[in-house]
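The values are calculated or read from the model by the stated rules, or taken from the named source; none is laboratory data. All values derive from a computational prediction rather than experimental measurement. Neighbour counts are summed over all protein chains in view; Cβ atoms, including those assigned to glycine, are modelled from backbone coordinates with ideal geometry.
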Amino acid sequence: MRPHDKSLFLLTVLIWGSTWYAIKFQLGTVDPMVSVAWRFLAAAALMLLGCRLFGLSLRLRGRQHLWVLAQGVTLFSVNYALFYIATGYLTSGLIAVMFSTMVIWNAFGARVFLKVPVPLRVVVGGIVGFCGLSLLFMPDIFNLAYGPAEVGALLICVVATVCASTGNIINARNQKAGIGLMAGNAWGMLYGGLFTLALCLFWGKPLVFDFRADYVVSFAYLVVFGSIVAFAAYMKIIRDWGAERAAFSTLLFPVVALAISTVFEDYQWTLEAVMGSALVVFGNYMALRKV
């Protein structure tokens, strides 16, 4: 494992782990889906401008645009929309556990669609990490009343995770096909933002913006770091390590989020939470130690 790759992996985990806290300041005046649309449209605009200023090619052929469109819709739009729907019925901890199954879906997708062999240690590490995250959020799992709405929300989470995993596999395919990382992300975020905006219009959500300082600052953080920087680092990890290993970052996001919550929100760690976090870290070590 090269030091540069380890730094990118750590950067991705720290940024996306911290976005859970930043997103809290996005709630209120603006519908969450509208915020997602603004977020990726703003990120796309900055990336397109940056590529122009630094002389990075944005040129794609017609068929390449279709693949990038697929990446944008699955990775920067639909999965976010579905998870936001699920948050109306499920706790964030349970959603984190469901999202962590991307480790399994990415391994499956890499094996079936990219013909990439998945070592046994990656599979075992994923299972250990998933068990650890389940232990970490055990109260959320067992204290929820599972009615028809909650079961439906769980199914929505599964679809959302598969959708995000599909975006990961498409991105890996796109990079192998010669689509530049920055160009693919810039166009993909533009397509994803426009698709989310279309969904907002279809569902009649008011297209407003909140100019309060808390919203603007957290929005800027999500655009620059949560979207541009983190996705660039994550896509680089997909290219170097493979989608099946890159997904292990999803197991660590909640641990970082809870560490931040300990400082700012007085989160109280239990024995189960400590043991679960240790299993998550150990699962990552098992899967990634020979990368």
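Couple of notes before you dig in:
- Residue check, ASP266 under 30 Å from ARG173 (Cα atoms) and surrounded by fewer than 21 Cβ atoms within 10 Å (Cβ to Cβ): no
- Highlighted here are the helices (runs of 4 or more DSSP H) found entirely within the range 180-291 that include at least 3 residues which are without any contact (Cβ under 8 Å) to a residue 60 or more places away in the chain, under 30 Å from GLY62 (Cα atoms) and not small (Gly, Ala, Ser): 181-202.
- The numbered conditions (1) within 18 Å of ALA110 (Cα to Cα); (2) buried (at least 21 other Cβ atoms within 10 Å of the Cβ) are all true for CYS157 except (1).
- The set of residues from the range 187-223 being hydrophobic (A, V, I, L, M, F, W, C), more than 17 Å from VAL78 (Cα to Cα) and exposed (fewer than 15 other Cβ atoms within 10 Å of the Cβ) comprises LEU207, VAL208, PHE209, PHE211, ALA213, VAL216, VAL217, ALA220.
- Lone unmet requirement of (1) over 15 Å from the mean Cα position of the chain (by Cα); (2) surrounded by fewer than 23 Cβ atoms within 10 Å (Cβ to Cβ) for VAL78: (1)
- With respect to the stated conditions, VAL112 fails to be modelled with pLDDT of 85 or more, among the β-branched types (Val, Ile, Thr) and under 29 Å from ALA273 (Cβ atoms).
- Scanning the range 45-67 turns up no residue that is among the small types (Gly, Ala, Ser) and either touching a Ser or Thr at 6+ places or on another chain (Cβ under 8 Å) or crowded, with 16+ Cβ neighbours inside 10 Å (or both).
- Residues in the range 1-21 that are surrounded by fewer than 19 Cβ atoms within 10 Å (Cβ to Cβ) and touching a Phe, Trp or Tyr at 6+ places or on another chain (Cβ under 8 Å): ASP5, TRP20, TYR21.
- Any hit, the range 265-273, residues being out of contact with any strand residue (DSSP E or B) (no Cβ under 8 Å at 6 or more places or on another chain), on the phi > 0 side of the Ramachandran plot and modelled with pLDDT under 85: yes
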